[in-house]
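Quick notes on the structure that follows.
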Amino acid sequence: MLLFISSLASGLRQAGRIRTAETYLAAAASLSRFLHHAAPALPSSYFTPERITPQLMLSYESWLREEGLTANTSSFYMRVLRAAYNQAVEQRLTPDLQPFGRVYTGIAKTRKRAISIDEIRRLRHLDLRNQPSLDFARDMFIMSFLLRGMSFVDMAFLKRADLRHGILSYRRRKTGQQLHIAWTPEMQSILNKYPRNTSQYLLPILGHDDVKALYRYRSMGCMINRNLKKVACLAGIKTQLSLYVARHSWASAARANGIPLGIISEGMGHDSERTTRIYLASLDSTCVDQANSLIIASIL
């Protein structure tokens, strides 16, 4: 099963779906640690897809809880492994033994991950000129917010060629969905603070070396998230800031501004709002850009 997941991750990476590939590898690494704990004498190759049974997954779930993982983290691993297992079933590598039927695969409520418009405004106007690393972290947070809660991986790999005639067009790495965002003066003002990226990339995150791009993206994300915690303290924000909070905050701000759920879903590039998408079919991107303009205006 681990080899199969590795091959799936390789295919995802080649398709440009880096974040999804990373989730597959993270789940595989967790399962590998459990298997080594549960059956140290057996090689990983022993656990082919047909050996993934309900009993094994129940034992894995118990082990995750003993390791101190939350229900949501355990559920995350289970859902990723289930997705991989379903592909193994489709490829007829195993009959469907329904190994995930008795483990928790839901999503429990967690602590608040969004910050308010007032806090966004406070962040935006915080004077960090003498602390360039914190200034950069704050700018990337605000840029994510302005870009309708764009994920950091999508921001990092934006190319200068993606911005044409005032429209930023990109494909989400997680879902492959094509999105279009009106480029605003507020976005440009952040970009203008930094020397023009001489590589193919739009934002000052990645450099020329494509071979090291994935490593740099990861290290930059970790550095920004560390610095955002310091920025939060300086701004008097109690929520633990991270780049992911920007995404939640855009959705929360959109809802507070009375923007319909379907437009929020479209704006963020979600593909899991099935009912919303069936009802609304397809939204004109102008509608979403008008919604984004309302949100940006509210923090000026």
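Under 1.5 on a/c is rounded, so check that first for the chain, then, if it is not, pick prolate when a/b is larger than b/c and oblate when it is not; a ≥ b ≥ c are the square roots of the alpha carbon gyration tensor eigenvalues.
Prolate, since a/c reaches 1.5 and a/b exceeds b/c.
Which links in Lys159/Lys230; Lys174/Lys212; Lys174/Lys230; Lys159/Lys229; Lys193/Lys229 stretch past 26 Å when you go from one Cα to the other?
Numbers: Lys159/Lys230 29 Å; Lys174/Lys212 20 Å; Lys174/Lys230 29 Å; Lys159/Lys229 28 Å; Lys193/Lys229 22 Å.
Distance filter (> 26 Å) returns Lys159/Lys230; Lys174/Lys230; Lys159/Lys229.
Can you list the trypsin sites (Lys or Arg not before Pro) in segment 175-261 that are in a DSSP coil and have 14 or fewer other beta carbons within 10 angstrom?
Counting only loop positions with at most 14 other Cβ atoms within 10 Å, the trypsin sites (Lys or Arg not before Pro) in segment 175-261 are Lys193, Arg196, Lys238.
Report, in whole Å, the centroid distance computed from the Cα atoms of segment 4-25 and segment 185-249.
Their Cα centres are 24 Å away from one another.
For segment 187-239, which semi-axes, largest first and in whole Å, follow from the square roots of 5 times the eigenvalues of its Cα gyration tensor?
25, 16, 6
With a cap of 11 neighbouring Cβ atoms within 10 Å, and only residues DSSP puts in a loop, list the chymotrypsin sites (Phe, Trp or Tyr not before Pro) found in segment 127-219.
Those that pass, being in a loop and sparsely packed, number zero.
Taking the Cβ of Ser242 as the center, what net charge do the other residues with Cβ under 11 Å away carry, scoring Lys and Arg +1 and Asp and Glu -1?
+4
Count the net charge of all other residues whose Cβ sits under 12 Å from the Cβ of Ala9, scoring Lys and Arg as +1 and Asp and Glu as -1.
Here the count lands on +2.
Around Leu134, under 11 Å between beta carbons, what's the net of Lys plus Arg minus Asp minus Glu among the other residues?
Within the 11 Å Cβ shell, the charges total +2.
Calculated from DSSP H runs of 4 or more alone, at -39500 (n - 2.57) each and per residue, what is the 222 nm mean residue ellipticity of the chain, nearest 500?
-17500 deg cm²/dmol
Using DSSP to call loops (not H, G, I, E or B), can you name the trypsin sites (Lys or Arg not before Pro) in segment 5-106 whose Cβ has at most 12 other Cβ atoms within 10 angstrom?
On the way: sites: Arg13, Arg17, Arg19, Arg33, Arg51, Arg65, Arg79, Arg82, Arg92, Arg102; in loops: Arg17, Arg92, Arg102.
Loop-located and lightly packed - Arg92, Arg102.
Here, each number is a calculation from the coordinates, and none is a lab measurement. This structure is a prediction, so every number in the text was calculated from the model and none was measured. FYI the Cβ positions are ideal-geometry reconstructions off the backbone, even for glycines, and counts take in every protein chain you see.
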